[in-house]
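Have a look at the structure below before the remarks.
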Amino acid sequence: MHVLNQNILFPDVQKADEEGLLAIGGDLSLERLLLAYRSGIFPWFNKDEVILWWSPNPRFVLFPKELKVSKSMKQFLRNCDFEITINKDFRSVITECANAKRSGQSGTWITNNMLEAYCNLHEHGFAKSVEVWRDNKLVGGFYGVDLNNGVFCGESMFAKESNASKAAFITFIKNTDYNLIDCQVYTNHLESLGAKDISRQEFLSILNLENSRS
């Protein structure tokens, strides 16, 4: 297992193990996080653990043109009274994601250090939040890393009301022009919206093409 030091470098992603774990250690500095995401790598670790860096194979992604919206969801979106905004309250969204109780998880991977690191990315224009409001109360949303190259890397979402995060995601996709949404790993929720597995190599090929255009 590759152990990172103070140098802002990562090993070749092909050296990741079968589960996608590539390296441990390092920090969550702006420079390291941007290099990671631009290289197809992301951090994911539990509280009190050393930082773990991943590049899974296959990679779970959504091509916006393949977005699936069910008939019932279309009707819900027409009739709901949600207000959906972008970048109105990034810190509250990531805090709600950290606090959300999830099936099969006893705690959160969004540690205080992780929260501050992504707020820093946001302040430098490399992370976005989508908020769902009802009666001026935050009831859902999600956040992710915007590489400013046509690729958006989704990180986490939460919902306090039924369909709130799904409404946020669908509205975001329909009103932006990303070429690819990186969902990282499989979830039933995102598969129902059209996300699918592709090989790590295909993902990197798309990512490198977009990097070269930016």
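The values are calculated or read from the model by the stated rules, or taken from the named source; none is laboratory data. None of these values were measured; they are calculated from a predicted model. For neighbour counting, all protein chains shown are included, and Cβ atoms are generated from backbone atoms with ideal geometry for every residue, glycine included. These accessible areas exclude ligands, DNA and RNA; they are computed on the full protein's heavy atoms, side chains included. Shrake-Rupley method; radii C 1.70, N 1.55, O 1.52, S 1.80 Å.
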> Expressed in nm², what is the orientationally averaged projection area of the convex hull enclosing the Cα positions of region 120-159?
Replying inline: 3.2
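Please report, in whole Å³, the volume per residue of the convex hull around the C-alpha atoms of region 76-214. Working shown, then result.
Details: hull volume 16.8 nm³, N = 139.
So the per-residue Cα hull volume is 121 Å³.
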> Once Lys and Arg get +1 and Asp and Glu get -1 on their Cβ, which of Ser70, Ala36, Asn149 lies farthest toward the positive end of the dipole of the chain?
Replying inline: Ser70
> For helix 200-213, what angle does its Cα long axis make with the longest principal axis of the chain, in degrees from 0 to 90 and rounded to 10?
Replying inline: 80
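Could you tell me which of rounded, prolate or oblate describes region 1-137, using a ≥ b ≥ c as the square roots of the eigenvalues of the alpha-carbon gyration tensor, with rounded for a/c under 1.5 and, failing that, prolate when a/b is larger than b/c and oblate otherwise?
Numbers: a/c = 2.04, a/b = 1.64, b/c = 1.24.
Prolate is the answer for region 1-137, as a/c is 1.5 or above and a/b outweighs b/c.
State the percentage of accessible surface on the chain attributable to carbon and sulfur atoms; use a 1.4 Å probe and exclude ligands, DNA and RNA. Could you put the intermediate results ahead of the total?
Working: 5080 of 10940 Å².
In the chain, the share of accessible area belonging to carbon and sulfur is 46 percent.
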> Along the charge dipole of the chain, which of Cys183, Val13, Phe82 sits closest to the positive end, that is, farthest toward it, with unit charges on the beta carbon of Lys, Arg, Asp and Glu (+1, +1, -1, -1)?
Replying inline: Phe82
>> Taking the Cα centre as origin and putting +1 on Lys and Arg beta-carbons and -1 on Asp and Glu beta-carbons, what dipole magnitude results for region 1-90, to the nearest 20 debye?
In response: 620
>> Just to confirm the number: angle between the C-alpha axis of helix 90-99 and the first principal axis of the chain, 0 to 90 degrees, nearest 10?
In response: 80
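Which of the three applies to region 10-49, rounded, prolate or oblate, going by the alpha-carbon gyration tensor with a ≥ b ≥ c and a/c under 1.5 meaning rounded?
Numbers: a/c = 2.04, a/b = 1.08, b/c = 1.89.
Oblate shape, in that a/c is at least 1.5 and b/c is the bigger or equal ratio.
Counting other Cβ atoms within 10 Å, which trypsin sites (Lys or Arg not before Pro) in region 27-128 have at most 11 and lie in a DSSP loop? Write down the numbers at each step before the final one.
Numbers: sites: Arg32, Arg38, Lys47, Arg59, Lys65, Lys68, Lys71, Lys74, Arg78, Lys88, Arg91, Lys101, Arg102, Lys128; in loops: Lys47, Lys68, Lys88, Lys101, Arg102.
Filter output for region 27-128: Lys101.
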> To the nearest 20 debye, what charge dipole does the chain have about its Cα centre, counting +1 at the Cβ of each Lys and Arg and -1 at the Cβ of each Asp and Glu?
Replying inline: 720
>> Classify region 75-144 from the C-alpha gyration tensor, please: rounded if a/c falls under 1.5, else prolate or oblate depending on whether a/b exceeds b/c.
In response: oblate
>> In the chain, if the dipole is taken from +1 on Lys/Arg beta carbons and -1 on Asp/Glu beta carbons about the Cα centre, which of Ala127, Ser165, Ser55 is farthest to the positive end?
In response: Ser165
>> Rounding to the nearest 10 and keeping the result within 0 to 90°, find how far the Cα-based axis of helix 164-174 lies from the longest principal axis of the chain.
In response: 80
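Using a 1.4 angstrom probe, figure out how much accessible area the chain has per residue, in square angstrom, rounded to the nearest whole. It would help to have the intermediate numbers written out before the result.
Numbers: 10940 Å² over 214 residues.
Value returned for the chain: 51 Å² of accessible area per residue.
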